[in-house]
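The values are calculated or read from the model by the stated rules, or taken from the named source; none is laboratory data. Treat the numbers as computed from the prediction; the structure is a model and nothing was measured. Cβ placement follows ideal geometry from the backbone for every residue including glycine, while neighbour counts extend to all protein chains displayed.
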Amino acid sequence: MSRSVSVSGESVVDIQDLSVSFATDAGTVAAVEDVSLSVAAGEVLAIVGESGSGKTVTARSILGLLPETATTRGAVLLTRKDGSAAHDVVTLSRAGLGEVRGRDAAMVFQEPSTVLNPVYPVGWQIAEGLRAHGRLSRKEARARAVDVLRRVGIPEPEKRVDHYPHQFSGGQKQRIVIAQALVLDPGVIIADEPTTALDVTVQAEILDLLRRCRDEFGAAIVLITHNMGVVADLADRVAVMYQGRLVEQADVRTLFSDPREDYTRQLLGSVPRLGTGRVRTAERAAARPAGWETGTPVVEARDLRIVYPGRLRQPDFVAVDGVDFAIRPGEVLGLVGESGSGKTTIGRAIAGLTKVTGGSLSVLGTEMNGVREKRFRPVRERIGFVFQDPASSFNPLLTIAEAVAEPLVVHRRAGDAHEARGRVDELLEAVQLPRAFGDRFPHELSGGQRQRASLARALALGPELLIADEPTSALDVSVQARVLELFDELQREFGFAALFISHDLAVVDLLADRIAVLYRGRLVEEGTGEQVLGAPQHPYTQRLLASLPVPDPDEQAARRATWEQVAKA
């Protein structure tokens, strides 16, 4: 049974002594302990912390979106936007939760593709919320859907209201999910990692849209993120969580300029910043033998062209168009650009996973244009590959030791996983994982630990070339910092050349000797970090840089102004 509650002040959300625990086979697990937070009308509160800190559980409790295994204590007071009523979400029935969801508070999830139903037009899905809360005619609901699509920046909303989710880009799908949240004009929007899977330029647009949600729609926003640049760009106040507890809370400028807690300082210190990679680049270059830059390249592309043939009368798609670059022994080349720019296609072509259509691509002395698998097989064992999501690249039925040993067995360096165990233990120690972790299964490791194991597997054959495709994009900043540090140490120790693919310019700056910028399949700029990031020449590189949020509220405000000018140009 629900109970109405009187709320003082202008808080739209008031969380009081919230504790949440989950019943598991291993016993009760406390996810959130004694958390108290409030969100004022029109305010952006960012809740930050590592995976497992309890930030998402806290945010989902506002809408009662916790599983049946959860036990909740405390109060979560949710006030209607016009102040006419307030309810304790913890005590609401299922019917009561249905009443407040969408109307009083709405959720924007991390991955829009999993939220939008692929078999219904987006307009129907937006109107569904309206129909659930009122007696609107089909024509009225459609008109409201068109209006909200226009307000979130979808072009030609009168036509696109009838399109299906697969007909929209990733950024447009996120706009549609935000439109779903806004259509009932809720008092608070909970945005759970709304920009994690997006390119920096699209991320900047979505952050601008969320700012408009606050300013034009008057909605308060609870922002869940591990990206401190996004926090600096959007938040008014910040709450820091660690192991289920609230450890620090302050306005955004105070938190960034004068954090009180060691954990907060550690979190801020883990954020990669532009310009910090120059010292490391100089150190790596100084450690190499004289004349290394004139050596035979490990990878060399000349007028490289990769075309995907069209199907069902669709035209061919040119993924890579006339690209030239080289990677010398022991060098790290950072490849940056938006989704669809051709980064991953080039990485797959180097690994022999995508066919070269035109031009030349030489990999470890082998020409890839027209190469046969039989000829390339001996070359493949000289190449390591680190994937973006280690959870999906590991066989869940194999232990970590068996997975790391797999390349050794496939290429007949060992008879079986048991025979390879000595080498596997050495590799696990090299990536700073205890040997005992080899007996665990992938699901028993954290994201950062799985990525370390993925690095161990990539290094199993002692490769001359390593291809790392967005290896840290899914990791928390502190875990990312440790994995990047490890990558740098291993590269210095083993001396492999590397192609590091990423859309995070600060990460690439930290690791790469040279940076190549791709835009719609073409290489538009190349040089050292100092040249490309310090004095970008191409308008696209300038837009990329302006789109990257930095963990400093004052500096970010200036960058936002620059981005607005560049975006209008």
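Assorted remarks:
- Residues satisfying the stated conditions in the stretch 351-403, i.e. farther than 27 Å from residue 425 by Cβ, of a type in the set (Ser, Thr, Tyr) and free of Cβ contacts under 8 Å to residues at least 40 places away in the same chain: 366
- Of the criteria (1) in contact with a strand residue (DSSP E or B) (Cβ under 7 Å, 6 or more places away or on another chain); (2) without any contact (Cβ under 8 Å) to a residue 12 or more places away in the chain, which one residue 502 fails: (2)
- Those strands (runs of 3 or more DSSP E) of the stretch 455-557 in which 2 or more residues are among the β-branched types (Val, Ile, Thr) occupy 514-519.
- Pairs linking a residue in the stretch 261-284 that is β-branched (Val, Ile, Thr) to a residue that is modelled with pLDDT of 75 or more, with Cβ atoms under 6 Å and 6 or more positions apart or on different chains, are 264/240; 264/248; 271/228; 271/477; 271/551; 281/513.
- Unique match (being within 22 Å of the chain's Cα centre (by Cα) and surrounded by fewer than 24 Cβ atoms within 10 Å (Cβ to Cβ)) among 233, 258, 251, 208: 208
- Filter result (among the aliphatic types (A, V, I, L, M) and under 21 Å from residue 202 (Cβ atoms)) within the stretch 524-557: 524, 532, 533, 544, 545, 546, 548, 550, 557
- Of the residues making up the stretch 211-230, those that are over 18 Å from the mean Cα position of the chain (by Cα) and either more than 25 Å from residue 57 (Cβ to Cβ) or not β-branched (Val, Ile, Thr) (or both) are 211, 212, 213, 214, 215, 216, 217, 218, 219, 220.
- Here the helices (runs of 4 or more DSSP H) wholly within the stretch 143-241 that include at least 2 residues being out of contact with any Gly (no Cβ under 8 Å at 6 or more places or on another chain) and of a type in the set (A, V, I, L, M, F, W, C) are 170-182, 200-215, 228-234.
- Selection from the stretch 451-483 of residues that are surrounded by fewer than 22 Cβ atoms within 10 Å (Cβ to Cβ), of a type in the set (D, E, K, R) and more than 15 Å from residue 347 (Cβ to Cβ): 464, 482
- All positions within the stretch 38-71 that are more than 20 Å from the chain's Cα centre (by Cα), outside any strand (DSSP E or B) and of a type in the set (Gly, Ala, Ser): 41, 42, 61, 64
- Taking the criterion of being in contact with a helix residue (DSSP H, G or I) (Cβ under 9 Å, 6 or more places away or on another chain) and either among the aromatic types (Phe, Trp, Tyr) or in a helix (DSSP H, G or I) (or both), the residues of the stretch 73-98 that qualify are 89, 90, 96, 97, 98.
- One residue stands out in the stretch 183-197 among those that are among the aliphatic types (A, V, I, L, M) and crowded, with 22+ Cβ neighbours inside 10 Å: the one that is farthest from residue 81 (Cα to Cα), namely 191.
- Qualifying residue in the stretch 22-30 (condition: among the acidic types (Asp, Glu) and surrounded by fewer than 17 Cβ atoms within 10 Å (Cβ to Cβ)): yes
- Neighbours by Cβ (under 8 Å, 6+ apart or cross-chain): first from the stretch 162-190, without any contact (Cβ under 8 Å) to a residue 40 or more places away in the chain and farther than 14 Å from residue 107 by Cα; second assigned to a loop (DSSP other than H, G, I, E, B) and among the β-branched types (Val, Ile, Thr): 172/154
- Only one entry in 61, 93 is more than 19 Å from residue 210 (Cβ to Cβ), surrounded by fewer than 18 Cβ atoms within 10 Å (Cβ to Cβ), small (Gly, Ala, Ser) and touching a residue at least 12 places away in the same chain (Cβ under 8 Å), namely 93.
- Filter pass, residue 85 being buried (at least 18 other Cβ atoms within 10 Å of the Cβ) and touching a strand residue (DSSP E or B) at 6+ places or on another chain (Cβ under 7 Å): no
- Checking 356, 332, 404 one by one, the residue that is under 24 Å from residue 487 (Cβ atoms) and touching a strand residue (DSSP E or B) at 6+ places or on another chain (Cβ under 7 Å) is 332 and no other.
- Filtering the stretch 112-126 to residues that are touching a residue at least 24 places away in the same chain (Cβ under 8 Å), surrounded by 16 or more Cβ atoms within 10 Å (Cβ to Cβ) and not β-branched (Val, Ile, Thr) leaves 112, 116, 121, 123, 125.
- Any chance residue 114 is of a type in the set (Ser, Thr, Tyr) and within 19 Å of residue 15 (Cβ to Cβ): no
- Within the stretch 18-27, tally of residues that are assigned to a strand (DSSP E or B) and more than 12 Å from residue 90 (Cα to Cα): 5
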